[in-house]
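Some notes on the structure that comes next.
The values are calculated or read from the model by the stated rules, or taken from the named source; none is laboratory data. Just so we're clear, the structure is a prediction, and the values are computed from it rather than from any experiment. Using ideal geometry, Cβ is built from the backbone for each residue, glycine included, and neighbour counts are taken over all protein chains shown.
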Amino acid sequence: MSLKRVLFIGLGELGSHIFDLLVRIPGRHSFLVGGRNLGYLQQRTNLSLFSALQLGCEPNVACVALDLEHVEQTAETIAVFQPNIIVCAATLQKKEVFQDLPSPLAKRLLSAQLGPRLPWHLSLIYKLMQAVKMSGQTIHVLNAIYPDVVNPILAKVDLAPTTGIGDLANNVPALRQAVAGILNVPREQVDVRLIMSRYVSYWMSRHPLKDAPLSFSVFINGVDQTSEIDRAKVFQQLPSTLKRTGGGVGNIMTATSAAVVFDGVVNDTGVITHVPGPNGLPGGYPARVDAQGVEVVLPEKIPLQTAIHINESGLVLDGIERIDEDGAVLFAEQEMSVFREVLGYDCRKMPLCEVDDWAKELQTKYHMLVRL
């Protein structure tokens, strides 16, 4: 039985869902959960631990004071614990942040998609990856926070996490269910391969998308049957008959996607699943996951450059116009104009070295709006 050391950071709403599942993965793994509030961490990890014990699992769980803002301290923690894998779900602001605002303002800001909020989600994982490099260790890092954009940015400075989790993988079960019903075949015979960005995967389960940049392939017992399926008929079921609960409760889908990837790494399963930001690539891809990390496995008819182009087109729809070779991000004017109008926040281009400054300004502007 495998025994891996796992450093887990970010035990918030999403992270707690993920951690609940990871401690139930086969193997007597040792988990060290880091954060700033040790009292909360102890009680929340006890809940995860005792639930796992109830199911017959035997993980080892401990907590440590850790603040990602302090890179050297984080690097020291990593050097001492020597984790095989790090799972990070830490962010400066939750995705549902605008729910604190009056509905008209919230809807207006949400219309700008996730791109303009990037500084909130990039800052801490950037510091974590700096700490990993400082520790001198080779560690698999799973990033749960906006990975299809964050990971390729960090790849430009050789700090990319191993992969992201969630996003397009969350739609795979429903798509398999839809295909099985349409073709009248057992669900276990159905396999799908997706290539798409977070924007596309997020919205396809909420309303029908037209002309969205994506690739969708269907295999029945390993045989390509894509030409036999009406894609529109499949997709229209996700926001209708196969619609699932979203929001905080819906985080269980991202957590289960994370558990598949985690199991693939720690138990060397070689599972083929879907991941965002694998090896620093933009957007999401099908990939094989094992102890060596992740390997993109595309359908034979789709070259990697085509897949990258599909995903880069999706990033634009999310408000990310371009990622430069030095890691600077150019934001799309249409989306940023919403933040400029509502918040008085205007970041057209963000060098990676300025992410903390922009995160602080965005936080300040947002809190000013909340207090109005």
| task | Could you identify the single residue in R28, R24 that is touching a strand residue (DSSP E or B) at 6+ places or on another chain (Cβ under 9 Å), surrounded by fewer than 22 Cβ atoms within 10 Å (Cβ to Cβ) and charged (D, E, K, R)? | result | R28
| field | Scope the range 210-228; condition crowded, with 19+ Cβ neighbours inside 10 Å and not in a strand (DSSP E or B); matching residues | value | P213, L214
| task | Identify the residue in the range 128-181 that is among the β-branched types (V, I, T) and not in a loop (DSSP other than H, G, I, E, B) and, among all such residues, is nearest to L92 (Cα to Cα). | result | V150
| Would it be correct to say that T364 is of a type in the set (S, T, Y), within 29 Å of T254 (Cα to Cα), over 21 Å from the mean Cα position of the chain (by Cα) and surrounded by fewer than 16 Cβ atoms within 10 Å (Cβ to Cβ)? | no
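Could you tell me which of the residues A180, A174 is small (G, A, S) and touching a residue at least 60 places away in the same chain (Cβ under 8 Å)?
Working: A180 fails: touching a residue at least 60 places away in the same chain (Cβ under 8 Å).
That would be A174, the only listed residue that is small (G, A, S) and touching a residue at least 60 places away in the same chain (Cβ under 8 Å).
Could you count how many residues in the range 320-361 are of a type outside the set (K, R) and either more than 21 Å from Q130 (Cβ to Cβ) or modelled with pLDDT under 95 (or both)? Even if it seems obvious, please write down each step before you answer.
The initial filter retains those residues of the range 320-361 that are of a type outside the set (K, R), namely 320-321, 323-339, 341-347, 350-359, 361.
Checking which are either more than 21 Å from Q130 (Cβ to Cβ) or modelled with pLDDT under 95 (or both) leaves us with 320-321, 330-339, 341-347, 361.
Within the range 320-361, residues that are of a type outside the set (K, R) and either more than 21 Å from Q130 (Cβ to Cβ) or modelled with pLDDT under 95 (or both) number 20.
One line per residue, one yes/no per condition, for (1) within 18 Å of V87 (Cβ to Cβ); (2) free of Cβ contacts under 8 Å to residues at least 12 places away in the same chain:
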site: K107; (1), (2): no, yes
site: G115; (1), (2): no, no
site: L128; (1), (2): yes, no
site: V132; (1), (2): yes, no
site: S135; (1), (2): yes, no
site: H140; (1), (2): yes, no
site: N143; (1), (2): yes, no
site: A155; (1), (2): no, no
site: A160; (1), (2): yes, no
| task | Quick one: in the range 124-155, of everything that is farther than 16 Å from H274 by Cα and of a type in the set (S, T, N, Q), which residue is surrounded by the fewest Cβ atoms within 10 Å (Cβ to Cβ)? | result | T138
| task | Would you check which residues across the range 156-177 are within 12 Å of Y126 (Cβ to Cβ) and either surrounded by fewer than 24 Cβ atoms within 10 Å (Cβ to Cβ) or β-branched (V, I, T) (or both) and list them? | result | K156, V157, L159, A160
| task | Sort out which residues of the range 69-106 are of a type in the set (V, I, T) and surrounded by 16 or more Cβ atoms within 10 Å (Cβ to Cβ), and write them in order of number. | result | V71, T74, T77, I78, I85, I86, V87, T91, V97
| field | Cross-chain or 6+ apart pairs with Cβ under 7 Å, the range 227-253 first and without any contact (Cβ under 8 Å) to a residue 12 or more places away in the chain, then not aliphatic (A, V, I, L, M) | value | G250/R244
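For the range 1-94, list the helices (runs of 4 or more DSSP H) that sit wholly inside it and hold at least 1 residues that are over 16 Å from A259 (Cβ atoms), touching a Leu at 6+ places or on another chain (Cβ under 7 Å) and not small (G, A, S); which are they?
Of the helices (runs of 4 or more DSSP H) lying wholly inside the range 1-94, those with at least 1 residues that are over 16 Å from A259 (Cβ atoms), touching a Leu at 6+ places or on another chain (Cβ under 7 Å) and not small (G, A, S) span 38-54, 71-81.
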| Number of the condition not met by V80 [criteria: (1) β-branched (V, I, T); (2) touching a residue at least 12 places away in the same chain (Cβ under 8 Å); (3) more than 30 Å from G344 (Cβ to Cβ)] | (2)
| Residue check: is L168 in contact with a helix residue (DSSP H, G or I) (Cβ under 8 Å, 6 or more places away or on another chain) and at pLDDT 95 or above? | yes
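Looking at the range 38-68 only, could you name the residues that are polar (S, T, N, Q) and either on the phi > 0 side of the Ramachandran plot or loosely packed, with under 12 Cβ neighbours inside 10 Å (or both)? Full working, then the answer.
Going through the range 38-68, the residues polar (S, T, N, Q) turn out to be 42-43, 45-46, 48, 51, 54, 60.
Listed by number, the residues that qualify are Q43, Q54.
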